[in-house]
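A short reminder: the numbers here are calculations on the coordinates, not readings from a lab. The structure displayed is predicted, hence computed values, not measured ones. So basically every Cβ, Gly included, is an ideal-geometry build from the backbone, and we count neighbours across all protein chains shown.
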Amino acid sequence: MKKLLLLFIVLTLNSIQAQEVKTLTYFQNDTLKLDLDLYLPKKKANEKIPLIMFAFGGGFSGGERTSEKDFGKFMSQNGYAVASISYSLYMKGKDFGCKGTLTEKIKAIRIGVSDMWQATAFLIENADKYNLDTSKIFISGISAGAEIGFHASFWDYKLMNLYKSNLPENFKYKGFIGGSGAIQDINLITKEKAIPMLLAHGSNDDTVPYSAGSHRSCPTNASGWLILFGSYAVYNQMKDLNKDIELITFCGGGHEFSGYLFHEGQQYVLDFVNDVLNGKKFESHLIQSSKKGKGSGKYSFCE
């Protein structure tokens with residue numbers, strides 16, 4: 001029993017030593033203070049650390065940056081830094097669904113994206129302090145956070161940024177990891193702008209469309225009607241462009257799989273970032289059955 005207890009203590013101490021967490025304020029004015037939690041691996045001499053930016057989900061009205069601690073710890077124990085950010089919850093107390101206002105929904109995304117850009121710029125400015133490799137910054141998110149990730153990667157920064165322009169000229173994220181996210185315009189993903197992606201999505205998601213469809217499955221006469229292009233539409237776009245893409249489809253699954261990559265699927269993320277940094281080329285579509293069955297037959301691969 002004593003030997004088992006000693007082994008547990010040693011393993012716990014090694015885990016603690018393998019990473020540290022710093023809470024930093026990346027933006028502040030008279031009315032708003034935004035923090036991020038930076039998970040850092042044990043420092044290696046003369047070796048810069050790749051960074052993964054992360055945004056939580058919650059419909060731009062809820063959620064917390066601390067919700068994915070296990071993901072931050074897992075990646076930092078494997079040599080990567082993770083910055084889990086707070087961002088402005090513009091839709092708090094408002095309707096982000098069918099009865100909401102389209103312009104308000106787009107504004108919520110734009111504010112969240114601008115916050116992500118601000119957090120990224122902050123860490124680039126402080127890269128030397130935390131030994132970060134600014135040429136190897138990935139972006140990731142769940143649901144609303146994945147929508148932030150998509151648009152932060154492909155929107156025109158100079159046009160859409162709400163804060164001062166402080167990202168380096170021609171800055172580009174190294175890759176994107178998205179759980180059940182979507183983008184407003186598939187044509188924003190071009191051959192020049194495309195970055196490697198790892199996506200996961202349920203084929204029957206009625207919150208964020210799996211392919212092209214209406215956000216929250218709203219009818220066309222709804223005030224909050226918003227067309228989005230989800231993971232399957234993005235997968236096909238990336239295939240057409242001959243760019244690196246991995247998609248995990250949960251046939252018959254809904255929005256409950258939005259956090260899969262950051263929970264059960266953490267190893268997929270680790271393999272993805274390793275493959276990107278090692279220059280590996282890839283294109284894959286992994287099809288999984290969900291507890292709800294294979295699906296409605298809308299997609300032949302789910303039958």
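Quick notes
- Proximal charge balance of Phe74 [Cβ under 13 Å; K/R count +1, D/E count -1]: -2
- Listed by chain and number, the aspartates and glutamates placed with their C-alpha closer than 18 angstrom to that of Lys243 are Asp185, Glu192, Asp271, Asp275, Glu283; residues fewer than eight positions away on the same chain are left out.
- Label-to-label distance, nm, for residues given as Glu20 and Ser300 (7 Å Cα→Cβ offset): 5.6 nm
- Principal semi-axes in Å for region 21-292 [√(5λ), Cα gyration tensor, largest first]: 27, 22, 17
- Over the chain: helical MRE at 222 nm, DSSP H runs n ≥ 4 each giving -39500 (n - 2.57), nearest 500: -9000 deg cm²/dmol
- Applying both filters, DSSP loop and at most 12 other Cβ atoms within 10 Å, to the trypsin sites (Lys or Arg not before Pro) of region 18-53 gives Lys43, Lys44.
- Length gained when the stretch Gln28-Lys94 is fully extended (0.36 nm per residue, less Cα-Cα span): 21.4 nm
- Checking every one of the trypsin sites (Lys or Arg not before Pro) in region 78-129 against DSSP loop status and a limit of 13 other Cβ atoms within 10 Å picks out Lys92, Lys99.
- Partners of Lys42 within straight-line reach, counting lysines whose Cα lies under 28 Å from its Cα and excluding those fewer than 8 residues away in the same chain: Lys3, Lys22, Lys69, Lys73, Lys129, Lys136, Lys172, Lys174, Lys280.
- The chain - charge dipole about Cα centre, Lys and Arg +1 at Cβ, Asp and Glu -1, debye rounded to 20: 380 debye
- Using the Karplus relation 6.51 cos²θ - 1.76 cosθ + 1.60 with θ = phi - 60°, the per-residue 3J(HN,Hα) values for region 169-174 come to 4, 6, 4, 9, 5, 6 Hz, with x marking Gly and Pro.
- Computed lengthening from Glu192 to Asn131, 0.36 nm per intervening residue step minus Cα-Cα distance: 19.1 nm
- Length gained on full extension, Ser284 to Lys107, computed as 0.36 nm times the residue gap minus the Cα-Cα distance: 60.4 nm.
- Derived scalar couplings ³J(HN,Hα) [region 144-161; Karplus, 6.51 cos²θ - 1.76 cosθ + 1.60; whole Hz; x for Gly, Pro]: 4, x, 6, 5, 4, x, 4, 6, 5, 7, 10, 5, 6, 4, 5, 7, 9, 5
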